[in-house]
1. Looking at (1) of a type in the set (D, E); (2) in contact with a Phe, Trp or Tyr (Cβ under 8 Å, 6 or more places away or on another chain); (3) touching a residue at least 40 places away in the same chain (Cβ under 8 Å), which is the only condition B:D414 fails?
2. When A:V207 is evaluated against the numbered criteria (1) buried (at least 19 other Cβ atoms within 10 Å of the Cβ); (2) assigned to a strand (DSSP E or B), which criterion, by number, is the only one it fails?
3. Going by what's in this entry, would A:T123 be described as surrounded by fewer than 21 Cβ atoms within 10 Å (Cβ to Cβ) and under 22 Å from A:V188 (Cβ atoms)?
4. So which of B:A178, B:A216, B:A156 ends up being surrounded by 24 or more Cβ atoms within 10 Å (Cβ to Cβ) and either touching a residue at least 12 places away in the same chain (Cβ under 8 Å) or not in a loop (DSSP other than H, G, I, E, B) (or both)?
5. Quick test for you: out of B:A379, B:A364, B:A371, pick the one residue that is loosely packed, with under 13 Cβ neighbours inside 10 Å and either farther than 30 Å from B:T305 by Cβ or at pLDDT 95 or above (or both).
6. Among the residues of the range B:277-311 satisfying the criterion of being among the small types (G, A, S) and farther than 20 Å from B:R420 by Cα, which is surrounded by the most Cβ atoms within 10 Å (Cβ to Cβ)?
7. Which numbered condition in (1) surrounded by fewer than 17 Cβ atoms within 10 Å (Cβ to Cβ); (2) modelled with pLDDT of 95 or more is the only one that B:E269 fails?
8. So which residues in the range A:57-77 are in contact (Cβ under 8 Å) with a residue 40 or more places away in the chain and at positive phi?
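The values are calculated or read from the model by the stated rules, or taken from the named source; none is laboratory data. All values derive from a computational prediction rather than experimental measurement. With ideal geometry, Cβ positions are generated from the backbone for all residues, glycine too; neighbour counts draw on all protein chains shown.
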Amino acid sequence: MADLSIDMCGIKSPNPFWLASAPPSNGGEQVMRAFDAGWGGVVWKTIGAPVVNVSSRFGALDYAGRKVAGFTNIELISDRSVEVNLREITAVKKRYPNNALVVSLMVETREQWRDLIRRVEDTGADGLELNFGCPHGMCERGMGSTVGQEPALLQEITSWAKEFAKTPVLVKLTPNVSDILDPGVAAVRGGADGLSLINTIKSIIGVDLDSLVPLPRVGGQSTNGGYCGPAVKPIALHMVGALARDPRTQVPLSGIGGISNWRDAAEFIALGCTSVQVCTAVMHYGYRIVEDMIEGLSNYLDDKGMKSVAELRGRAVPQFREWGELNLNYNVVAKIDASKCIGCQLCYTACLDGAHQCIHVSERPCHAWHGEPDHAQNARLEANAAVLHQHTGATHVRVPVIDERECIGCNLCALVCPVDGCIEMVEVPTDKPYESWNDRVSRG
Amino acid sequence: MIKLPLYGDAASGAARLETRLPDAKPLYDRGEAITEAERCLYCHDAPCVKACPTEIDVPTFIKKIASDNVLGAARTIMSQNVLGYSCARVCPVEVLCVGACVYTDWHREPIQIGKLQRYATEAALAREESGKGRVFTARARGPHTRRVALVGAGPASLACAAALALEGHEAVVFERKALPGGLNSTGVAPYKLHLSDSLREIEYVRSLGVDIELGAELGEGTSASTLLDSFDAVFLGLGLGADSKLGIEGEDGPGVLGATAFIEKLKLEEGFTLGALSRAIVVGGGNTALDVARELAQLGVASVTMVYRRSASQMSGYAHELHLARSEGVALIDEAVPLAVVRGERGEVQALRVRRPDGEIELACDGIFLAIGQSKLRAVASQFAGVALDGRGCVLVDPTTRRTGNARVYAGGDCVNGGREVVNAVADGREAAREMMRVWALETRS
């Protein structure tokens, strides 16, 4: 069985699965239950400046009958006193010495940072995470994402923290920036030992069409919240990947954003993360999901012949390239397995209206261009007679036909096909050499 | 309770036996409907549409339910099938739209199209009743308006009349009974559709401007020639006549009842009961026989046995209905030809004597229900010059236009097809209306 233990800039954890700083890590009783369930580490919900919370404070985006594809909150940092939090952190760390316990912090002035860091480190906590990411409420008071969006300020506060801290300092980044490298580089220059990302995305989760109040409602009003959950994973993966491949940000990364299972976690680790942090999936299903995360990641590593999770780390980074470096001579075409096709013809409609008109159904005359590949929009104007595409072989009459000469290999049909393995994208052999756009430009 | 001005309390009478039989497929709530609607793949050129005799655009209305556009869903349904509400509940969807769902071939649960259609159309009817807005607004009458008489107020005539009324034509339906709706009101199994549900839908049809004259028997004051004189066209939606008889000894007398006559009593007659009936025999192998058998079993008759003259595999009733009947405790004796009804000294039914391949036996019983077909109403159709009947007594029409041998007389529903589904009758009525309007448009142009 693969070794799942990690060392995240000096913070040791039995596995890479941490609870993110959020409601699931709000108090000692919760955190101990999380450790009992198997979570390797916890980033304690942010403590610091005094706050008052509102009701209600969460909202969700449902999609196609599934609940919570995306999630939002307008909750602030811990609304329990610093004293209570510190007392519980001390007690939990004593009882769970082998789990990683990182404390998220958010205050304003240099003096406040110094005092809080010293008091937190007195608890025995393993590390600190500076919350420069919260995009609602706290940012209006000059903290959270306001810091994360201003590289100079971020660098300065990070350097204060490094000056006062004895334990490792992680900086949690906001995705509400035009280029994640700007705050990332600033944090590393400020001395950050590691980076955590992404925090939530500034958002409005929806509008109640009866009351015409945005969601979540606080009486007859609402405000922008922080968006997270499965739907944000692609954004988080990109930002993690961008930092992982940049030589200026070569510090351990803790990936956050829509991680719901071991597969999501493995993707983040393959793109360079050392630990991963989870919130929404736990808020949806509870701490128990970690059992499958540990087992699934372990089985995956075993199947791939990797002895430890460290072997997976960053393995996808070299394959993450600029568009201009991609091979223009690589080509795939779609193939339909008629024995699996159920005849829904979603691929036909998708290709006809949403792609390149390369899929045909035999029951109706096809007016698409059938000459040399030519995807001009005015093909219909050409004097081409309608063609009745015939099936080869005795297949189900509703199985569509792909014209491989016209197929440009976009994947759309395979993406919309409801049947697993029915449409596959097959590589077309070529004797042309690897040639990228950049190659062409440099050749002139 | 819905107010039904035409028929007083007929629909609310709790003393009617059918009210003891609840919906077999209860109404979806919003969450259930959306969850089911989201399962729909939204097929291109969908097989479910092709399987529907009225070609309802099923994927489109289902997607509208998924987006909470319930009124739009109802419009999609009712633009093709004005009786989309009753069809949602009485259609044998297992052999029509649901049977064609691509999920079936994929060995997955097909989409519950009937339940979704009920969800949308029932919401639309409720909206109409509450005065919140119309599903469709009928075109105003004017110089283009034509007048059409429709004979019989069953689904075929109602669909034809509604299609005409929506386009601003005058449609007058003549019904000999005291209640409109034909079999939707008098013959559909209660666990599919209650009388009040049928009348509710008919109120919607009336609200489009359709006139329904009840107790109007053709021949008494209204004859074929007066209809042809005073209307631009006539539609015959006659339905079928009385239950057929076996023609065997002992058949006439108490304890032997025709199937549709029995169902009508069950649905309409205040105070009708099954008495002490405990061992019932239903003769026949069609869907009406299955309906009666299931109704008796559901009403608590201890022993219900279907008797069919040929082998079970030759039954015309749907396999899924037979399966449900059996699960409700109905027994089937096939290859049993009825020979005589055995009666006791007081004339009470004691048994049905049948011939089986291995000899004659007597099946003890205290009630017999005959579901072996219905007679054809030859006399009414024959009053119209040019209208011809086939050998079975069914009205002959052009299958595309639904026009009879008389250019101004159209026909549809059971009187043409000998007894099929409500949805087939609706398709006939709608197509006849479209053909009438096409002909009128051509006349106006020339």
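1. (2)
2. Every condition holds for A:V207 apart from (1).
3. On the way: surrounded by fewer than 21 Cβ atoms within 10 Å (Cβ to Cβ): yes; under 22 Å from A:V188 (Cβ atoms): no.
Considered against the rule, which asks whether it is surrounded by fewer than 21 Cβ atoms within 10 Å (Cβ to Cβ) and under 22 Å from A:V188 (Cβ atoms), A:T123 comes out as no.
4. Details: B:A178 fails: surrounded by 24 or more Cβ atoms within 10 Å (Cβ to Cβ); B:A216 fails: surrounded by 24 or more Cβ atoms within 10 Å (Cβ to Cβ).
Among B:A178, B:A216, B:A156, only B:A156 is surrounded by 24 or more Cβ atoms within 10 Å (Cβ to Cβ) and either touching a residue at least 12 places away in the same chain (Cβ under 8 Å) or not in a loop (DSSP other than H, G, I, E, B) (or both).
5. Values: B:A364 fails: loosely packed, with under 13 Cβ neighbours inside 10 Å; B:A371 fails: loosely packed, with under 13 Cβ neighbours inside 10 Å.
B:A379 is the lone residue from the list that is loosely packed, with under 13 Cβ neighbours inside 10 Å and either farther than 30 Å from B:T305 by Cβ or at pLDDT 95 or above (or both).
6. Step by step, filter the range B:277-311, then rank; the result is B:A280.
7. (2) is the only condition that B:E269 fails.
8. A:V68
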